[in-house]
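Structure, as structure tokens:
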Amino acid sequence: MKIGILSRGPKLYSTQRLVEAARERGHDARVIDVLRCYMNITSNKPTVYYKNKGVREQLQFDAVIPRIGASVTAYGTAALRQFEVGKVYSINESVAITRSRDKLRAHQLLACKGIGMPITGYANRADATEDLIEFVGGAPLIVKVISSTQGKGVLLAETDKAAESLINAFRDLDTEFLVQEFIKEAGGSDIRCFVIGDKVIAAMQRCAKEGEFRSNLHMGGTAKVIKLKPEERALAVKAAKVMGLDLAGVDMVRSNHGPLVLEVNSSPGLEGIEKATGKDIAGAIIEYIEKDSQKGPNKITGKG
Ligand code: ADP
């Protein structure tokens with residue numbers, strides 16, 4: 001197959017591993033920078049063009065693997081949509097990526113499908129601040145910037161007063177945020193479940209470094225293999241399905257009342273999980289694409 005890996009980072013571990021795994025399995029793999037893609041939006045012959053060093057070419061793939069960074073979601077998903085319109089198979093659909101990138105929307109969808117999550121509040125007006133704090137059971141609580149990635153916009157307020165100041169500061173800065181119940185018993189660790197299709201193919205526990213509650217590896221967290229409970233496995237698969245993602249990294253914490261989903265990531269990194277588990281995740285992704293693409297390209301439903 002001709003496989004396009006839509007990534008702005010050809011040197012990133014995940015990108016390189018996907019290229020390597022595709023080539024090992026006899027495919028023609030190529031990394032494409034989505035920002036260099038451009039399109040002619042016509043109904044009869046949808047095409048994606050690519051310009052590299054001034055030379056224009058028409059891109060033709062049997063399958064694409066979107067690895068679209070949060071900073072280029074809008075343009076990246078537009079380019080991906082153009083591939084979809086041209087009937088190219090994509091492991092994750094553009095609408096599913098957009099859906100999972102918006103934390104508020106993702107939380108609402110997960111909640112309405114009965115997926116357990118920490119209690120989460122959201123409001124536009126300052127006069128709701130006190131209520132938001134009350135909804136989530138008071139401090140300590142979490143304030144999360146909606147566009148946060150790698151834990152950078154996730155803050156812990158130890159007191160109601162600190163929470164109020166933080167909320168007011170974000171409001172003044174016009175930054176969208178969520179207020180969330182702090183799951184103290186998670187003890188600074190979370191679980192990353194790597195979902196492909198309807199299976200969790202690998203899982204790791206990430207533990208925050210000393211004095212930190214965020215377990216992101218980018219925040220100095222460490223990873224180790226973990227054996228999932230059946231309910232955690234089922235929850236991860238269901239959360240990915242609700243988002244419409246065939247490839248997903250589902251993050252959850254263990255609370256006193258069972259597992260709670262924090263986030264569903266559409267471009268989960270491969271380095272941490274491959275190194276922690278010793279599994280060939282990139283190979284598993286390519287193998288899945290070989291089978292799933294036989295069913296034909298994604299259906300363009302127009303539904304968000
Ligand atoms: P990001 O998308 O920026 O990584 P997350 O929502 O995944 O944001 O949060 C980052 C980390 O912070 C999580 O991996 C987890 O360790 C911790 N965390 C987030 N929300 C909570 C919460 N409600 N209770 C306890 N820990 C949390």
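The values are calculated or read from the model by the stated rules, or taken from the named source; none is laboratory data. Bear in mind the structure is a predicted one, so any value in this text is a computation, not a measurement. Please note: Cβ atoms are built from the backbone with ideal geometry, for glycine as well, and neighbour counts cover all protein chains shown. Accessible surface areas use protein heavy atoms only, side chains included; no ligands, DNA or RNA. Shrake-Rupley method; radii C 1.70, N 1.55, O 1.52, S 1.80 Å.
The table below lists the values:
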item: Boolean, Gly258 is open to solvent by 10 Å² or more (accessible area, probe 1.4 Å), within 16 Å of the ligand (Cβ to nearest atom), in contact (Cβ under 8 Å) with a residue 60 or more places away in the chain and within 23 Å of Gln150 (Cα to Cα); result: no
item: Options Val200, Val253: the member that is among the hydrophobic types (A, V, I, L, M, F, W, C), at pLDDT 95 or above and either part of a loop (DSSP other than H, G, I, E, B) or within 8 Å of the ligand (Cβ to nearest atom) (or both); result: Val253
item: Close pairs from segment 211-240: first open to solvent by less than 90 Å² (accessible area, probe 1.4 Å), partner in a loop (DSSP other than H, G, I, E, B) and more than 13 Å from the ligand (Cβ to nearest atom), Cβ under 6 Å, at least 6 apart; result: Val237/Asp198; Ala239/Ile115
item: Hits in segment 155-185 (condition: open to solvent by 20 Å² or more (accessible area, probe 1.4 Å) and either within 12 Å of the ligand (Cβ to nearest atom) or in a strand (DSSP E or B) (or both)); result: Leu155, Leu156, Glu181, Phe182, Lys184, Glu185
item: Qualifying residues in segment 107-129 (those that are at pLDDT below 95 and open to solvent by less than 10 Å² (accessible area, probe 1.4 Å)) - the one farthest from Asp174 (Cα to Cα); result: Gly121
item: Total residues in segment 130-154, condition surrounded by 15 or more Cβ atoms within 10 Å (Cβ to Cβ), outside any loop (DSSP other than H, G, I, E, B) and without any contact (Cβ under 8 Å) to a residue 40 or more places away in the chain; result: 2
item: Listing of strands (runs of 3 or more DSSP E) fully contained in segment 27-110 that carry 2 or more residues being more than 21 Å from Lys295 (Cβ to Cβ) and hydroxyl-bearing (Ser, Thr, Tyr); result: 47-52
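Residues checked against (1) in contact with a strand residue (DSSP E or B) (Cβ under 9 Å, 6 or more places away or on another chain); (2) open to solvent by less than 40 Å² (accessible area, probe 1.4 Å):
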site	(1), (2)
Glu20	yes, no
Glu24	no, no
Asn40	yes, no
Arg67	yes, yes
Ser71	no, no
Phe83	yes, yes
Val88	yes, yes
Arg105	no, no
